[in-house]
Every structure is written in structure tokens, then in C-alpha cells.
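The values are calculated or read from the model by the stated rules, or taken from the named source; none is laboratory data. Just so we're clear, the structure is a prediction, and the values are computed from it rather than from any experiment. FYI the Cβ positions are ideal-geometry reconstructions off the backbone, even for glycines, and counts take in every protein chain you see.
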Amino acid sequence: MKAIVAEKLTKRFGEVQALQDVSFVVHQRELFGFLGPNGAGKTTTINILTGLARPDSGVIRIGDIDCTDNPKAAQHLIGVVPDESNLYPELTGFQNLCFCASLYGLKKSERESRASELLKSFGLAEAASRKFGGYSKGMKRKLTIAAGIIHNPSILFLDEPTTGIDVASARQIRQLISHLNLSGTTILLTTHYIEEAERLCARLAFIVSGRIVQTDTIENLLQPIKQRHVMEIALNNKETGSLEAMASAFPDLVIERREENKIRVESSEPIRAGALVRYLEERGLEVMEARRIHPSLEDVFVRITGIEAGAMKKERERSGS
Amino acid sequence: MKMWIAFWNIILKDMRAYYLKPPNISWGIIFPLAWTGMFFIRSGGGFDGVLTLLPGLMAISILFGTTSMLAVTVTFEKKGRSFDRLLLAPIPLGILMLSKTSGAIVFGIANAFVPVAMAAFFFDLSSVAWLTAFPAVVLIAVSSTFLGLFIAVSVSEVFEAQTFSNFFRFPMIFLCGLFFPIERLPSVIKPLSYILPLTYGADILHGAFSQGHTMPFGLDFALLGASCVFLYLWSLKNIKRRWIL
């Protein structure tokens with residue numbers, strides 16, 4: 001059963017082509033990830049699917065409902081956790097959850113019991129009577145997720161759920177997301193954290209500059225690089241020497257510079273570390289470490305999108321985590 | 001049923017978060033009191049003067065009360081993105097905006113009766129046609145609220161909403177016959193008066209308080225009602241165009 005269907009979604013904001021022919025399907029009970037750098041079109045996609053924006057063209061189906069022209073038709077089925085914690089600062093945690101539940105027509109007794117239950121399961125029971133404006137970033141994020149699921153939606157849209165919060169809170173939130181998915185909620189998660197996508201999602205779409213460049217299961221995405229052998233060599237020097245000369249000396253290896261004092265070596269055959277170390281040391285470079293690394297989703301992402309993982313990391317730093 | 005649970009709780013939330021806050025309560029009382037005191041002292045008239053002044057004071061209290069509150073409850077929430085939460089709820093946009101503006105309408109009506117309550121301490125207001133005045137107060141509150149909504153939807157920042165509101169509010173004091181008869185305005189300005197809904201509301205109030213109306217009540221009510229519908233539908237169109245991109 002398909003929970004979300006997006007067909008050829010296109011959206012332009014003035015001169016900017018925000019989305020171009022974006023198509024994907026999210027199956028029921030699936031945790032589907034949308035991975036891409038800031039400005040790739042992740043939030044625009046969520047806004048269009050949830051009714052906060054209109055596509056210029058394309059088709060949207062949520063559950064069995066075609067909501068391309070009437071996004072309100074499916075809003076009772078979905079929960080949305082935006083990329084910013086947008087609850088009401090002047091209301092307490094409990095009041096915020098009760099209010100959000102009332103927007104979906106829950107009766108007072110249902111609202112209160114559901115709010116109490118969620119505050120407890122999200123570890124916020126003690127802060128229930130405190131105003132949302134006084135919560136820490138991590139607490140705000142957790143309460144925003146709780147508000148997104150207060151009406152037990154069958155489909156949940158999570159936009160950058162762990163951006164800008166501390167490591168411990170991010171970890172807790174990932175556990176909550178996994179638990180939600182295991183309990184049957186279909187989740188569409190956007191993130192620019194590759195590790196998060198790899199850890200949580202069953203399937204992923206890579207989105208860059210408003211286009212989906214690849215959609216597949218994590219296993220299938222990793223398949224082409226599973227047989228690859230990768231080694232990272234750290235040098236004491238800031239210079240790595242001539243990579244072109246090194247590549248000529250080892251024609252079977254793919255050699256590239258990673259950061260200013262690291263070399264990454266890739267091959268389809270096992271890599272002989274000794275020969276590489278000798279080669280570098282003979283040229284006056286001091287090898288600090290040479291270690292085999294397992295190819296990750298980051299490698300797949302870089303290979304497919306051409307976007308360096310470093311650029312994504314810088315975005316992460318800018319976003320405050 | 002579910003929709004009305006949402007409708008009612010949006011009003012309650014706004015009451016709790018905005019309208020029943022001490023600064024707003026005090027502002028809602030002090031502002032009309034200040035206008036009332038100022039005009040009573042300035043006019044120096046007796047009972048007849050009160051009946052001439054009260055319609056303008058009630059209308060101005062409603063106008064400033066409602067338009068100021070909409071800048072907060074709508075523009076501020078849109079800026080902080082909590083308004084998106086309402087747009088994501090399975091409630092028709094028309095009902096959502098009615099619930100969002102109902103608090104301001106009630107606030108405006110309450111504001112209107114501050115000068116009345118003050119005057120009632122000193123003067124006998126039994127000659128006032130309340131059955132005519134009260135519906136007029138409600139319609140003035142509705143049209144002013146929807147004018148505030150139109151302004152709130154047209155801007156992005158709270159300060160812009162306040163500034164833009166003043167662009168309408170201060171000229172309306174002079175143009176709508178609140179304190180100065182429209183007949184005395186220069187003829188080039190008069191058409192402006194007749195496109196402003198407050199003109200018709202003020203005319204009904206003048207009629208209810210001192211038989212000082214210049215147009216038939218039926219026409220006043222019809223035009224005031226029509227302006228409410230027009231401003232509301234225009235605001236909804238603007239919300240769809242500007243906020244659901």
C-alpha cells in the first residue's frame with residue numbers, strides 16, 4: 001500500500017527552480033528519507049505535500065486521497081513536525097499539546113490523557129507546566145514532535161528533526177523516531193545528516209538542486225561500493241605531495257585528497273598499505289596513520305551527487321549542532 | 001463537531017495567550033478612557049454633548065482595539081511560524097480565519113462599551129436605542145477586525161502591521177463622521193468617506209444615540225454588512241495567495 005505518492009512535482013519561486021519533476025513513493029509503515037544539502041528542496045517538498053505550498057504542476061496522493069487540488073482533504077491523516085519548533089511560547093508544554101490536539105477535534109478528556117501520555121513518554125512530564133518559551137532547544141524539539149503525533153496520524157512528516165540540538169537530545173529523538181516507525185507510523189524524514197539517514201531510514205532519496213538524483217534502499221545504495229577497499233592515510237605534514245605522481249606509481253588505485261593532510265585510497269582489490277607508506281616516506285612525508293575504512297552512505301552520496309560530504313558537515317556546523 | 005472543537009479552542013487559546021494578558025486588558029480600558037476623557041473635557045458640552053460624542057468614541061475604540069490585536073494574533077504568529085500549525089489543521093480556511101478573528105471582534109465590542117460604562121455613571125443613557133446601537137457595534141467590530149485582518153495579511157512584520165494600520169486608522173477618525181459631520185468635509189474628500197465602512201457604522205450609532213443619522217438605517221446596515229463580507233473574502237484570497245505559496 002502506498003502512503004504518499006508524489007508525481008512530477010515542480011515548483012518555481014521567481015527565478016529559482018525549487019523542484020523539478022520530483023517523483024517518489026513512500027509505502028505504508030516505511031521510514032523514507034530525503035537526504036540533501038540545505039536549499040535542495042526538502043522543505044519545499046514537505047510544504048507541498050502537507051498543503052503549506054502549492055505545486056506548479058504534478059500530482060500528490062496521501063493514502064487513497066488525491067489532494068493535488070485540495071490539500072485539506074488529507075490533513076486529518078498526517079502529522080507535521082516542521083524544521084523549526086513553532087509551538088506557542090506563552091503556553092505550557094501541556095497546554096500546547098492540548099491545543100494541538102483540539103485542532104484535530106479531540107475531546108477534552110482525550111486531549112488531556114494523550115498529552116499526559118506523550119509528555120511522559122518523551123521525558124517531559126516534569127516540564128509539563130512550564131512555558132514552552134523557557135524550554136531548552138532539545139526539549140522544544142521533543143515537544144514539537146509530540147505535537148506532531150498528538151492526534152495519532154498514520155503518516156508523519158519530519159523536517160530536519162535533529163538540526164541544531166545537542167548530541168544527547170538528537171540521540172533520544174532518533175530513538176523516538178525509530179519507535180514511532182516500529183509502532184506503525186509511516187514517516188517521511190528530511191535530513192542533511194548522512195549518518196542519521198543511514199541509521200534510521202529503510203529507503204532514501206538523494207535530492208540536489210530540486211531534483212531527485214537517486215532513490216533506493218540503503219542496502220542497494222551501498223551495494224556498488226560494498227566490494228570496494230578504502231584506506232585513509234593521515235600525514236603529519238600539511239602537504240600531501242603530488243597526487244598525480246602517486247596515482248602514476250599506483251595505477252590500480254583511485255587516490256584523492258581528503259582535508260589538507262589526509263589521502264583517501266580506493267581500489268577493487270585489497271590495498272597493500274606497506275607499499276603506500278614506503279612511497280610516501282621516501283618523499284619526506286611522515287605517515288601518522290593508515291587505516292582501512294568501510295565504505296559508507298557518505299561515499300555513495302558523494303559519488304552520486306558530486307557534493308562533498310565536507311560541505312554537508314559545514315552546513316551542519318552552521319546550523320548549530 | 002470536530003471542526004467546532006478546533007474553532008472554539010483557537011478562540012480560547014487566543015484569549016489565554018493574548019487578550020486576557022494584563023497589558024491588553026489595561027490597554028483595552030485605558031485607551032478608550034483616555035479618548036473619552038479628552039473629548040469630554042474638550043467639548044465642554046452637557047448631556048447633549050455626551051450623546052453626540054459617544055458614537056465616535058465607541059467607534060474609535062473598536063477600530064483601534066481590533067486592528068491592533070490582529071497585528072499580534074495573526075502577523076506575529078505568521079512571523080513565528082506557529083500560524084502554519086493552524087494552516088496544517090484539517091479545518092477549512094474560512095472557518096479557521098473566523099475563529100482567529102472572533103477574539104478580536106469580542107475585544108472590540110468590549111472596548112466599545114468602556115466609554116459607555118464611563119458615561120453611564122454620570123448621565124442617563126435610557127434614551128439611547130440600544131437595539132439599533134448594539135448590532136451596529138457588532139458590525140463595526142466585525143468590519144474593523146476584517147480590516148485589521150486585511151492589513152495583517154498584507155505585511156510580514158508586526159511593526160509594519162501597526163504602521164500600515166495607522167495609514168487607515170487616523171484618516172478614518174476625520175473621514176468617517178465620528179466627530180465631524182461628513183457634510184462639512186471638502187467635496188473632493190467626501191467620496192473617500194463613503195467607501196469606508198466605518199462611516200456607515202458611525203451613522204447608525206449617531207442615529208441610535210441622538211437621531212443624528214444622515215442615511216436610512218437599512219442602507220447603513222446593508223453597506224456595513226457588505227463591507228464585512230468583502231473584507232473577509234479579500235483577506236481569505238490574500239492568505240491563499242501570500243501564505244500558501
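Every residue, every condition in (1) part of a loop (DSSP other than H, G, I, E, B); (2) facing chain B (nearest Cβ under 9 Å); (3) touching a helix residue (DSSP H, G or I) at 6+ places or on another chain (Cβ under 6 Å); (4) buried (at least 20 other Cβ atoms within 10 Å of the Cβ), yes or no:
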position: A:53; (1), (2), (3), (4): yes, yes, yes, yes
position: A:59; (1), (2), (3), (4): no, no, no, no
position: A:100; (1), (2), (3), (4): no, yes, yes, yes
position: A:106; (1), (2), (3), (4): yes, yes, no, yes
position: A:109; (1), (2), (3), (4): no, no, no, no
position: A:115; (1), (2), (3), (4): no, no, yes, yes
position: A:119; (1), (2), (3), (4): no, no, yes, yes
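Out of (1) of a type in the set (A, V, I, L, M); (2) farther than 30 Å from residue A:275 by Cα; (3) surrounded by 15 or more Cβ atoms within 10 Å (Cβ to Cβ), what's the single condition that is false for residue A:225?
Every condition holds for residue A:225 apart from (2).
Could you please find all residues in region A:24-45 being under 13 Å from the mean Cα position of the chain (by Cα) and either not in a loop (DSSP other than H, G, I, E, B) or not small (Gly, Ala, Ser) (or both)?
A:31, A:32, A:33, A:34, A:35, A:37, A:38, A:42, A:43
Of (1) in contact with a Leu (Cβ under 9 Å, 6 or more places away or on another chain); (2) more than 14 Å from chain A (Cβ to nearest Cβ), residue B:7 satisfies all except one. Which?
For residue B:7, the exception is condition (2).
State all residues of region A:71-102 that are farther than 25 Å from residue B:79 by Cα and out of contact with any Pro (no Cβ under 8 Å at 6 or more places or on another chain); if no residue qualifies, say none.
Of everything in region A:71-102, those that are farther than 25 Å from residue B:79 by Cα and out of contact with any Pro (no Cβ under 8 Å at 6 or more places or on another chain) turn out to be A:73, A:74.
Any residue in region B:6-20 that is surrounded by fewer than 20 Cβ atoms within 10 Å (Cβ to Cβ), basic (Lys, Arg) and either touching a residue at least 24 places away in the same chain (Cβ under 8 Å) or assigned to a helix (DSSP H, G or I) (or both)?
yes
I need a count of the residues in region A:36-51 that are facing another protein chain (nearest Cβ under 8 Å) and touching a strand residue (DSSP E or B) at 6+ places or on another chain (Cβ under 7 Å).
Result for region A:36-51: 1.
Only one of (1) more than 17 Å from residue A:34 (Cα to Cα); (2) assigned by TED's automatic domain parsing to the domain that holds residue A:41; (3) among the hydroxyl-bearing types (Ser, Thr, Tyr) fails for residue A:209. Which number is that?
Residue A:209 satisfies every listed condition except (1).
Could you tell me whether residue A:147 is under 29 Å from residue A:30 (Cβ atoms), facing chain B (nearest Cβ under 10 Å) and among the hydrophobic types (A, V, I, L, M, F, W, C)?
Here the answer is yes, as residue A:147 does meet what is asked.
Taking strands (runs of 3 or more DSSP E) that do not extend beyond region A:225-297, which have at least 1 residues that are over 28 Å from residue A:201 (Cβ atoms) and touching a His at 6+ places or on another chain (Cβ under 6 Å)?
Strands (runs of 3 or more DSSP E) meeting the threshold: A:262-267.
Can you name the number of the only condition in (1) in a helix (DSSP H, G or I); (2) touching a residue at least 12 places away in the same chain (Cβ under 8 Å); (3) within 21 Å of the chain's Cα centre (by Cα) that residue A:80 fails?
All conditions pass for residue A:80, except number (1).
Are there any pairs, at least 6 apart or on different chains, whose C-beta atoms fall under 9 Å, with the first in region A:179-194 and free of Cβ contacts under 8 Å to residues at least 60 places away in the same chain and the second hydroxyl-bearing (Ser, Thr, Tyr), and if so, which?
A:179/A:121
Need pairs with beta-carbon distance below 9 Å; first residue closer than 17 Å to residue A:88 by Cβ and within region B:85-99, second crowded, with 20+ Cβ neighbours inside 10 Å and of a type in the set (Asp, Glu); sequence gap 6+ or separate chains.
Partner pairs satisfying both residue conditions: B:85/B:77; B:86/B:77; B:99/B:14.
Which ranges mark the helices (runs of 4 or more DSSP H) fully within region B:33-126 that have 1 or more residues being buried (at least 17 other Cβ atoms within 10 Å of the Cβ), within 14 Å of chain A (Cβ to nearest Cβ) and of a type outside the set (Gly, Ala, Ser)?
So the answer is B:82-87, B:93-122.
For residues in region A:62-98 being of a type in the set (Ser, Thr, Tyr) and in contact with a strand residue (DSSP E or B) (Cβ under 7 Å, 6 or more places away or on another chain), which is nearest to the other protein chains (Cβ to nearest Cβ)?
Ranking the qualifying residues of region A:62-98, first place goes to A:92.
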